[in-house]
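The values are calculated or read from the model by the stated rules, or taken from the named source; none is laboratory data. Quick caveat: nothing in here was measured; it's all calculated off a predicted structure. Please note: Cβ atoms are built from the backbone with ideal geometry, for glycine as well, and neighbour counts cover all protein chains shown. Ligands, DNA and RNA are stripped out before the accessible areas are found, and what is left, the full protein with its side chains, is counted by its heavy atoms. Shrake-Rupley method; radii C 1.70, N 1.55, O 1.52, S 1.80 Å.
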Amino acid sequence: MTDNFANDVLKGLTAKNKHLPSKYFYDDNGSRIFQEIMNMPEYYPTNAEFEILSMQSKQIFEALKFSGPFNIVELGAGDGFKTFKLLEYLVQNDVDFHYVPIDISQEAIDILTQRLKEKLPSLKIHPKVGDYFEILKENKQSDYPSLLLFLGGNIGNYLEERAKELLQLFNENMKTGDKLLIGFDLKKNPIIIHNAYYDKHGITKRFNLNLLIRINRELDADFKIDDFDFYCYYNPTTGNVKSYIVSLRKQTVHLKAINEVIHLDYDELIWTELSKKYALEEISELANHAEFTVENNFLDCKHYFTDSLWTK
Ligand code: AVI
């Protein structure tokens with residue numbers, strides 16, 4: 001794990017245009033800051049997706065058209081806050097299904113399992129910690145059809161080519177007739193998107209700068225956090241929000257654990273994250289490219305977000 005982290009950080013920080021992968025935001029502290037982001041009123045995706053799953057669980061269930069028992073496999077279940085509404089609907093209506101939440105964090109899975117056992121005691125839950133694709137491969141052997149959940153708009157953090165690869169991998173690990181319910185943040189008034197990412201509380205700035213704190217800790221580096229700022233912008237034509245760490249002076253940073261030195265110029269940028277916003281036509285193109293059929297788009301009342309239901 002540390003080896004990959006060290007390699008990726010070094011590769012990114014010695015590139016001509018410096019960059020760091022956003023997947024490394026989520027150490028324990030970063031995951032806590034992300035919870036704070038999700039609780040900000042400006043960060044609309046949380047409420048939008050919660051509304052979809054609270055108000056349209058029945059329609060989602062009916063659109064699955066499964067005739068008997070099925071599995072719900074959730075990739076990156078986290079604290080399962082949003083999914084709860086869907087699970088609650090199914091349990092209350094005596095639907096026969098098994099819930100398989102997957103996450104890389106044992107802690108997140110333990111908390112989720114305990115909560116669900118208290119709130120929905122009759123739920124058949126089979127929590128898993130580990131690699132998505134190993135678990136999906138296993139699930140493909142099941143006699144039951146499956147609904148895969150990939151919620152929260154995480155697909156937006158993948159570059160186009162990587163997003164296509166990921167969706168193809170999902171497809172390969174599904175049976176014909178299986179469904180995928182996948183969350184996409186939609187293009188909308190640019191000001192709303194701008195305010196969700198360039199937040200006035202500085203929480204997203206802390207989220208980004210925490211990555212430097214992580215590098216200091218794990219690679220024995222000496223980033224001086226006060227010498228860096230945060231900048232992000234939304235391009236309404238491409239739908240891309242791009243986030244950057246800005247070096248406020250010409251400076252040298254030592255990565256002692258790997259015996260490397262990084263030079264940063266005055267105002268030099270480190271690109272940290274892509275958060276892509278989609279149009280519905282782009283979503284169909286992605287689905288078709290990975291050999292899925294789009295069944296329905298379940299949108300919130302403001303049309304900020306969609307949970308898109310696809311069939312293999
Ligand atoms: C996890 N992911 C969908 C979030 C997003 O909106 O791109 C991460 C995030 N970055 C800044 N704010 C939230």
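Taking the range 196-312 and the strands (runs of 3 or more DSSP E) fully enclosed by it, the elements with 3 or more residues that are over 24 Å from Tyr44 (Cβ atoms) and open to solvent by 10 Å² or more (accessible area, probe 1.4 Å) are at 251-255, 260-264. Does the range 144-165 include one or more residues that are touching a Leu at 6+ places or on another chain (Cβ under 9 Å), farther than 22 Å from Leu280 by Cβ and open to solvent by 10 Å² or more (accessible area, probe 1.4 Å)? Yes, there is a match, as at least one residue in the range 144-165 is touching a Leu at 6+ places or on another chain (Cβ under 9 Å), farther than 22 Å from Leu280 by Cβ and open to solvent by 10 Å² or more (accessible area, probe 1.4 Å).
Any residue at all in the range 1-21 that's surrounded by fewer than 16 Cβ atoms within 10 Å (Cβ to Cβ), touching an Asp or Glu at 6+ places or on another chain (Cβ under 7 Å) and polar (S, T, N, Q)? Among the residues of the range 1-21, at least one is surrounded by fewer than 16 Cβ atoms within 10 Å (Cβ to Cβ), touching an Asp or Glu at 6+ places or on another chain (Cβ under 7 Å) and polar (S, T, N, Q), which makes the answer yes.
Tell me yes or no: at least one residue of the range 179-192 is on the phi < 0 side of the Ramachandran plot, more than 16 Å from the ligand (Cβ to nearest atom) and touching a residue at least 12 places away in the same chain (Cβ under 8 Å). Checking the range 179-192: at least one residue is on the phi < 0 side of the Ramachandran plot, more than 16 Å from the ligand (Cβ to nearest atom) and touching a residue at least 12 places away in the same chain (Cβ under 8 Å). Close Cβ contacts (under 6 Å, 6 or more residues apart or on different chains) running from residues in the range 65-84 that are within 9 Å of Pro101 (Cβ to Cβ) to residues that are polar (S, T, N, Q) and open to solvent by 40 Å² or more (accessible area, probe 1.4 Å) are absent. Test Leu123 against the criterion of being farther than 27 Å from Ser284 by Cβ and surrounded by 15 or more Cβ atoms within 10 Å (Cβ to Cβ), and give yes or no. In short, yes.
Taken as a whole, the structure places Ile135 among residues that are part of a helix (DSSP H, G or I), away from the ligand (no atom under 14 Å from the Cβ) and open to solvent by less than 50 Å² (accessible area, probe 1.4 Å). Among all positions in the range 160-172, there is no residue which is touching a Gly at 6+ places or on another chain (Cβ under 6 Å), at pLDDT 95 or above and under 23 Å from Asp103 (Cα atoms).
The one condition from (1) assigned to a loop (DSSP other than H, G, I, E, B); (2) open to solvent by 20 Å² or more (accessible area, probe 1.4 Å) that Met174 does not meet is (2).
Listed here are the helices (runs of 4 or more DSSP H) enclosed by the range 1-118 that have at least 1 residues being within 16 Å of the ligand (Cβ to nearest atom): 28-39, 44-55, 83-92. Can you confirm whether Ile111 is on the phi < 0 side of the Ramachandran plot and buried (at least 17 other Cβ atoms within 10 Å of the Cβ)? Here the answer is no, as Ile111 does not meet what is asked. Among all residues of the range 178-190, there is at least one that is outside any strand (DSSP E or B), open to solvent by less than 30 Å² (accessible area, probe 1.4 Å), in contact with a Pro (Cβ under 9 Å, 6 or more places away or on another chain) and under 30 Å from Ser146 (Cβ atoms). Within the range 57-93, being open to solvent by 40 Å² or more (accessible area, probe 1.4 Å) and of a type in the set (S, T, N, Q) holds for Gln59, Ser67, Gln92, Asn93. Among the residues here, Ser122 does not qualify as closer than 23 Å to Val294 by Cα and assigned to a loop (DSSP other than H, G, I, E, B). Checking each residue in the range 237-258 for being within 16 Å of the ligand (Cβ to nearest atom) and over 15 Å from Ile270 (Cβ atoms) picks out Thr238, Gly239, Asn240, Val241. So for the range 21-35 (the condition being under 19 Å from Val246 (Cβ atoms) and touching a strand residue (DSSP E or B) at 6+ places or on another chain (Cβ under 7 Å)), does at least one residue qualify? So far as the range 21-35 goes, yes, one or more of its residues are under 19 Å from Val246 (Cβ atoms) and touching a strand residue (DSSP E or B) at 6+ places or on another chain (Cβ under 7 Å).
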